[in-house]
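Have a look at the structure below, then the notes.
The values are calculated or read from the model by the stated rules, or taken from the named source; none is laboratory data. Values in this document were obtained by computation on a predicted structure and should not be read as measured data. Cβ: placed from backbone, ideal geometry, glycine included. Neighbour counts: every protein chain shown. The protein model used for the area step is the full one, side chains on, heavy atoms only, and it has no ligands, DNA or RNA in it. Shrake-Rupley method; radii C 1.70, N 1.55, O 1.52, S 1.80 Å.
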Amino acid sequence: YFVQDEWRLPLFNVPELGFPEGANIIFTDSVPLMTLLSKVAFMFNEEAINTMGLWLFLCFVLMGVGMAGVMSALGQRHIFGTTLASLFALSAPIFLFRIGHAGLMGQFLIPFAYASYLKMVSVEGRNVSTLPMICTAVCALLVQAYFFPIVMAFFAAALSQRVINRQSRSEERRVGKE
């Protein structure tokens, strides 16, 4: 319905889906990010394409990349350790049991959020980039709304940890002066 429908605001609203009120595909299991790409492709070739094969491929690739990001943020510099961690993430039952559910295959968002958390709390001073975490949160909304609160919990934890770290550093400086 969404791919062949006209463009309208709100962006993902489809009046023909869930008659008579319509529905917003963000709250369905249709992976809005991929349906948006399909809609753009439909504009150019007037033929609806199925992007689920590409989506499943990307889920596996991005799960490995996300775990490599976590290992990098933890300071792992050996390719063997990073590769092993990525293989463990790819073979985790919680990931593999979701193969039949395209929306929940987007579990790569969790390691991306964790890597962003680790980078945010490791940077000292006020110059911390929240952009990777915000991008992960937006992607979570465009993949499956279920992941959005998980990513936002990582974001809240990172911001809280930065406040705690700043307070403990100022206490250490104050005790050092006494």
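Values as computed for the structure displayed
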{"read-out": "DSSP-assigned coil residues among chymotrypsin sites (Phe, Trp or Tyr not before Pro) in region 76-117, each with at most 14 further Cβ atoms within 10 Å", "value": "Phe97"}
{"read-out": "Local electrostatic count, Lys39, Cβ distance below 11 Å [Lys/Arg +1, Asp/Glu -1]", "value": "-2"}
{"read-out": "Residue among Thr136, Thr83, Thr35 with the largest mean-square fluctuation in a Gaussian network model of the chain, springs linking Cα atoms under 10 Å", "value": "Thr83"}
{"read-out": "Surface per residue (accessible, 1.4 Å probe) for region 30-130, Å²", "value": "56"}
{"read-out": "Whole-number D in µm² s⁻¹ for the chain, Kirkwood Cα-pair radius fed into Stokes-Einstein, 25 °C, 0.890 mPa s", "value": "133"}
{"read-out": "Nearest 10 degrees, 0 to 90: helix 52-73 Cα axis against the chain principal axis", "value": "0"}
{"read-out": "Cα-projected label distance for Asn127 with Met52, points at 7 Å along beta-carbon direction, nm", "value": "4.8"}
{"read-out": "At R0 = 35 Å, FRET efficiency that the Cβ-Cβ distance of Tyr1 and Ile99 yields, to 0.05", "value": "0.90"}
{"read-out": "Cα-based shape type of region 15-66, given that a ≥ b ≥ c are square roots of the gyration tensor eigenvalues and the cut on a/c is 1.5", "value": "oblate"}
{"read-out": "Solvent accessible area, Å² - Met43, 1.4 Å probe, full protein context", "value": "100"}
{"read-out": "Semi-axis lengths, Å, region 50-145, gyration tensor of Cα atoms, sqrt of 5 times eigenvalues", "value": "24, 18, 9"}
